[in-house]
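The values are calculated or read from the model by the stated rules, or taken from the named source; none is laboratory data. All values reported here derive from a predicted model rather than from experimental measurement. When we count neighbours, we look across all protein chains shown, and the Cβ atoms used for this are built from the backbone with ideal geometry, even at glycine. Side chains included, ligands, DNA and RNA excluded: accessible areas come from the protein's heavy atoms. Shrake-Rupley method; radii C 1.70, N 1.55, O 1.52, S 1.80 Å.
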Amino acid sequence: MLTLDSLSKTYSDGTRALERIDLAVPQGEIVALIGGSGCGKTTLLRLVAGLDRASEGRIVLDGERIAEPHPGVGLVFQEPRLLPWLDVADNVGFGLGHLPRAERKARITHALDMVGLAEHAGRWPRELSGGQQQRVSIARAFVANPRVLLLDEPFSALDAFTRKDLHGHLLALWQETKPTILIVTHDVGEAVALADRAVVMRPKPGRLDDAIPLALARPRDPASPHSEAATRRILAALDRSLKPAQAAAPTEAAQWW
Amino acid sequence: MNESAATERAVIEPAATAPVVSAAHDAADGTASPKPRGDTFWHRGGRLALGLILPLALVIGWEFAVRTGLAQGRLMPPPSRIAATLHDLAASGDLWMHVQATLVRVALGFAFGALAGIAAGALTGALPTARHILDPTLQALRAVPSLAWVPLFILWLGILETPKVTLIAVGVFFPVYIGVAGAIASVDRKLIEVGRIFRLSKLQLARRILLPAVLPATLTALRTGLGLGFLFVVAAELMGASEGLGYLLIDGQQFSKADQILAAIIAFAILGKLADAVLVAVTRPLTRWQDTARETL
């Protein structure tokens, strides 16, 4: 269980990035954090990753407080951030330095298999396409077997085709160890394709606005009536979060995007 | 919304099996091709030949001009005479003595200067306090033309090898220091965060991220330093030496032996190029991950 308890973050210049965030995520749930730009999605993820410190409130993972990078929490950045001087296999195994060589090798091989890059193990990152690099970066986060995996708009720089492919790889990896996943996205379709729950955030200061359960069976078809209904509900919630005074009509909601 | 979802599906479904999809991707983006450039034997040979046209034309032209009496060869001897001088020097063993003397000075000065430059650069790059203390002084010293130290070095250290090696070391120190400090300061914060996510200790961070990240810029700085090492060995030897290629230069000037001066200059060119090539060859395995045009420089 990952619990955020009235979490606030105020930057040193006085910007209130997050205000009193309360969120409880049971083990194995996939939560999509969605919202317009500047509503603190990335800040929230960096706090949970332990890269930044909260101004107030606490983050608790299975009874343990998180204030700095934690072995049970993995992070996939928006950019692949591979180390250019390591080949693909060594990049995937970057966080496994403490393991015996044989186990490290087995885990790397398996993770590369899962993201479909087994034959690229000896390549340099510069020889891979953007989508392949992001797959390596996802494999790097997964091999450490995190209990919580954070993804910060990991597919935003990719084309729709590659993105769908990577959704498949991500879900396949998630099936194996069922980590809790928090994924930041601004793509409603992505939230519907992946998440058990979409949490809509509201800007200035960043707050949680609404939570939409997405109890759809997997694998999901983006064109099924259930998916489309969920998409409409999220869009409506997003619209409300940006225009709190008015009650939004569904047609307007569709135009927001 | 309905329509766009339907089109997306129509696009994706025909190739929905995973292996086909990823294979199509691999083929689609050209970055994944195994052989990046047409670096064939003939390509390289052709480039080499192009580069030789100009010097060969000059050599042949000058030889021809002197032989036919169009030009006098006294101050600018023809290539054949320079080659003969070089050959005589080599045959008598003098050339090797001078080359060795010069190389030893460059090697010692380069080693001391580079080590000191790397140490100072690492210190100021890694610790802000050290930077605030050291950098202003070092920058001020850098503004002093290195040759201005010569009288002082001679006064302090005599006229033998020590002042020469010191002068070379000073010349090598500054580019290496600037290069290393700059490289450390410009390491990508995003890669440091990758290290933090995997909870690397300070030492691990230095070894696994900082060191490889600054390596290419450090090697470039070392190359610059080596070049300056050869610059300053000439200066040091011109100021008083009984052996070394710089001595050959001065000797040639005093006895009006233009062929000897040119022979020494050619020896310098060859030595400098060879030393640089050795440095590049030795360090190439360390930076073969790089996606740059370094090998063409």
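If you wrap a convex hull around the Cα atoms of the range A:34-139, how much volume per residue is inside, in Å³? Let's see the in-between values first.
On the way: hull volume 15.2 nm³, N = 106.
Convex hull of Cα atoms, per residue: 143 Å³.
How high is the relative contact order of the range A:82-145, in percent, with contacts defined as C-alpha pairs under 8 Å that are six or more residues apart? Numbers along the way, then the final one.
Numbers: 71 pairs, mean separation 32.4, N = 64.
Once normalised by length, the contact order is 51 percent.
What nm value, rounded to one decimal, do you get for the distance between A:A102 and A:L171 when each label is placed 7 Å out toward the C-beta?
Taking the simple label geometry, A:A102 and A:L171 are separated by 3.7 nm.
First measure r as the distance between the Cβ atoms of A:A211 and B:R189, then evaluate 1/(1 + (r/R0)^6) with R0 = 35 Å and state the FRET efficiency to the nearest 0.05.
0.55
Using unit Cβ charges (K, R positive; D, E negative) and no other charged atoms, how large, in debye to the nearest 20, is the dipole of chain A about its Cα centre? Walk me through the intermediate numbers first.
Values: 31 positive and 31 negative charges, 48 e Å.
So the magnitude is around 240 debye.
Can you tell me the dipole magnitude for the range A:105-161 around its Cα centre, using point charges on the Cβ only (Lys, Arg +1; Asp, Glu -1), in Debye to the nearest 20? Mind dumping the intermediate values first?
Working: 7 positive and 6 negative charges, 65 e Å.
Computed charge dipole of the range A:105-161: roughly 320 debye.
Taking 8 Å as the Cα distance limit and 6 or more residues as the minimum spacing, I'd like the relative contact order of chain A as a percentage.
Numbers: 498 pairs, mean separation 63.0, N = 257.
Once divided by the residue count of chain A, the mean separation gives 25 percent.
Mind jotting down a quarter of the surface of the convex hull over the alpha carbons of the range B:78-296, in square nanometres, one decimal?
Details: hull surface 59.2 nm².
Result: a mean projected hull area of 14.8 nm².
Which of A:G130, A:A144, A:T109 sits closest to the plus end of the dipole of the range A:82-145, meaning its Cα is farthest towards the positive end, when Lys and Arg get +1 and Asp and Glu get -1 on the C-beta?
Positive-end residue among those listed: A:A144.
Taking 45 Å as R0, compute the FRET efficiency from the Cβ-Cβ separation of A:V60 and B:L211 and round it to 0.05. Don't skip to the end; give the middle numbers.
Numbers: r = 36 Å, r/R0 = 0.81.
E between A:V60 and B:L211, to the nearest 0.05, is 0.80.
State the Kirkwood hydrodynamic radius of the range A:188-246 in Å, one decimal place, computed from all pairs of distinct Cα atoms. Show your work: numbers first, answer last.
Values: mean 1/r = 0.0843 Å⁻¹.
It is 11.9 Å.
Between B:T224 and B:I133, what is the spin-label point distance in nm, taking each point 7 Å from the Cα along the Cα→C-beta axis?
2.6 nm
Over 10 Å intervals from 0, what percent of Cα-Cα pairs in the range B:90-197 sits in each interval?
Bins of 10 Å from zero give 14, 32, 28, 15, 8, 3, 0 percent of pairs.
Toward the positive end of the charge dipole of the protein assembly as shown, about the Cα centre and with charges on Cβ (Lys, Arg +1; Asp, Glu -1), which of A:A211, A:H226, B:T166 goes farthest?
Comparing the listed Cα positions along the dipole, B:T166 ranks first.
Given the range B:155-197 reduced to its alpha-carbon atoms as identical point scatterers, what log10 I(q)/I(0) does the Debye formula return at q = 0.17, 0.29 Å⁻¹?
Results for the range B:155-197 at q = 0.17, 0.29 Å⁻¹ read -0.62, -0.92.
What does the range A:82-145 give for Rg and for Dmax, in Å, if only its C-alpha atoms count?
Just the Cα atoms of the range A:82-145 yield Rg and Dmax of 10.4, 31 Å.
Mind checking how much accessible area A and B bury in total, 1.4 Å probe, in Å² rounded to 100?
Working: alone 12360 and 19330 Å², together 28170 Å².
Chains A and B together bury approximately 3500 Å².
Which of the listed residues, B:P55, B:I118, A:T10, is farthest toward the dipole's positive end in the protein assembly as shown, when Lys, Arg count +1 and Asp, Glu count -1 at the beta-carbon?
B:I118
If I model a spin label as a point 7 Å beyond the Cα along the Cα-Cβ vector, how far apart are those points for A:A160 and B:F41 in nm?
Taking the two extended label points, one gets 5.2 nm.
Computed from the mean reciprocal separation of all distinct C-alpha pairs, what Kirkwood hydrodynamic radius does the range B:174-285 have, in Å?
16.9 Å
What translational diffusion coefficient, to the nearest whole µm²/s, does the protein assembly as shown have by Stokes-Einstein, given a Kirkwood radius computed over alpha-carbon pairs, a temperature of 25 °C and 0.890 mPa s viscosity? Intermediate results must be reported in sequence, preceding the final value.
Values: Rh = 28.6 Å.
Stokes-Einstein gives a translational diffusion coefficient of 86 µm²/s.
Please provide three numbers in whole Å: the alpha-carbon extents of the range A:2-66 along the principal axes, with the largest listed first.
Computed over the range A:2-66, the largest-to-smallest principal extents equal 35, 25, 19 Å.
Please compute the average number of Cβ atoms from other chains found within 10 Å of each residue's Cβ in peptide B:189-200.
Average neighbour count from other chains, rounded to a whole number: 6.
Using a 1.4 Å probe and counting only protein heavy atoms, arrange B:R288, B:R199 so the residue with the most accessible area comes first. If you can, show how the numbers build up before the last one.
Working: B:R288 145, B:R199 100 Å².
Ranking B:R288, B:R199 by accessible area, largest first, yields B:R288, B:R199.
Let me know the Kirkwood hydrodynamic radius for the range B:177-243, please, with Cα pairs as the basis and the value in Å to one decimal. Let's see the in-between values first.
Details: mean 1/r = 0.0706 Å⁻¹.
Hydrodynamic radius (Kirkwood, Cα only) of the range B:177-243 equals 14.2 Å.
If each Cα of chain A is one equal point scatterer, what is log10 of I(q)/I(0) from the Debye formula at q = 0.17 Å⁻¹?
Once normalised to I(0) and log-transformed, intensities are -1.34.
Check cross-link reach from B:K273 to the lysines: straight Cα distance under 26 Å, and skip same-chain residues fewer than eight apart.
B:K164, B:K257
Going down the table (A:K243/B:K190; A:K164/B:K202; A:K9/B:K202; A:K204/B:K202; A:K9/A:K105), which pairs top 32 Å between alpha carbons?
Working: A:K243/B:K190 35 Å; A:K164/B:K202 39 Å; A:K9/B:K202 27 Å; A:K204/B:K202 36 Å; A:K9/A:K105 40 Å.
Result: A:K243/B:K190; A:K164/B:K202; A:K204/B:K202; A:K9/A:K105 exceed 32 Å.
Using +1 on the beta carbon of Lys and Arg, -1 on that of Asp and Glu, and nothing else charged, what's the dipole of the protein assembly as shown about the Cα centre, debye to 20?
Working: 56 positive and 51 negative charges, 140 e Å.
That gives a dipole near 680 debye.
Relative contact order for the range B:78-296: what percent, with Cα pairs under 8 Å and sequence separation of 6 or more? Please report the intermediate quantities before stating the final value.
On the way: 230 pairs, mean separation 59.5, N = 219.
In percent, rounded to a whole number, it is 27.
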